[in-house]
Amino acid sequence: MSESTLSIGVLMPEVLGTYGDTGNAIVLKERACRRGIQAEIVQVGLNDAIPEGLDLYSLGGGEDTAQAVAAQKLRADSGLVKAVEAGRPLLAICASLQVLGHWYRDATGQRVEGLGILDITTDPQGQRAIGELATEPLIKGLTQPLTGFENHGGGTLLGPEAQPLGRVIAGVGNGTPKGATPVAQAIDGAVQGSIIATYMHGPVLARNPELADLLLARATGMELAPLNVPGVAELREERLGAAGA
Ligand code: GLN
């Protein structure tokens, strides 16, 4: 943590904030504050410069048109790339996952250049993946099933530099671009360096406190004491049940 207050950036919520994804920052702030760690949310709008020195970054999902606007902004402003190069944790959801890749093609087939900080590419799947998504986590530090809601047309392929976040138990996850050979085991998300990206909305951190705490631990460098938030266990049970997981 750079200062005494943990700074949590929410980038371009005007265009990247579907399904309450901006709530991820609220969860991070709240879980920090309840442990006595001072935290603040820094909203970075479309017309603001992206600060490279925040402690933690959160990027949400977006529809195709909004997503292209966000991609253009992120290509023009090097702040986020510098922050990731410096190892600052970044959570990216759905459209943002796609934008952080080398490129993506939207529903109309238009190819949009991404940031290339995730070794992934995205093409339309041919049909939208909509519904509950549940996965078994594949990264160190996570032991509990992940639960979220997905709604995306894109299917994402991982290159060798990117690792999946989870193995799909229910739902689609990264899916398969139309015409590509389906992978033997369905996976969700992409993890590379300090980036954790997933197709899960929810907001994902409200549903998966373990993931929120992993990001907080990385951002603060602290070992965090367990935190019991009433209702979260019931929410998880209900949503994982709804997914049939
Ligand atoms: N527009 C992208 C897609 O449909 C991402 C959607 C989202 O962020 N929910 O694939």
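Each reported figure results from applying straightforward, stated rules to the coordinates on display, with no laboratory input. Please read all numbers here as calculations on a predicted model, not as lab measurements. Positions of Cβ are generated from backbone atoms using ideal geometry, with glycine treated the same way; all protein chains shown enter the neighbour counts.
List of remarks:
- Summed side-chain charge close to Pro145 - residues other than Pro145 whose Cβ falls under 9 Å, Lys, Arg +1, Asp, Glu -1: 0
- Summing charges over all other residues whose Cβ lies under 10 Å from the Cβ of Gln192, with Lys and Arg as +1 and Asp and Glu as -1, gives -2.
- Calculated on the Cα set of the chain, radius of gyration then Dmax: 16.6, 51 Å.
- Counting only residues at least eight positions apart within a chain, or on another chain, the lysines with an alpha carbon under 16 Å from that of Lys82 are Lys73.
- In percent, rounded to a whole number, the relative contact order of segment 4-78 is 48, using alpha-carbon pairs under 8 Å and six or more apart.
- Put the Cα centre of segment 67-107 next to the Cα centre of segment 1-66 and the gap is 14 Å.
- Remark: relative contact order (segment 180-245) = 19 percent; criterion is Cα-Cα distance under 8 angstrom and separation of 6 or more residues.
- Length released on extending from Lys82 to Asn151, taking residue separation times 0.36 nm less the Cα-Cα span: 21.9 nm
- Cα-based Rg / Dmax (Å) for segment 37-112: 12.9, 45
- Contact order for the chain, expressed relative to its length and based on alpha carbon pairs under 8 Å spaced 6+ residues apart, stands at 20 percent.
- A Gaussian network model of the chain, with springs between Cα atoms under 10 Å, assigns the largest mean-square fluctuation among Glu85, Glu113, Glu234 to Glu234.
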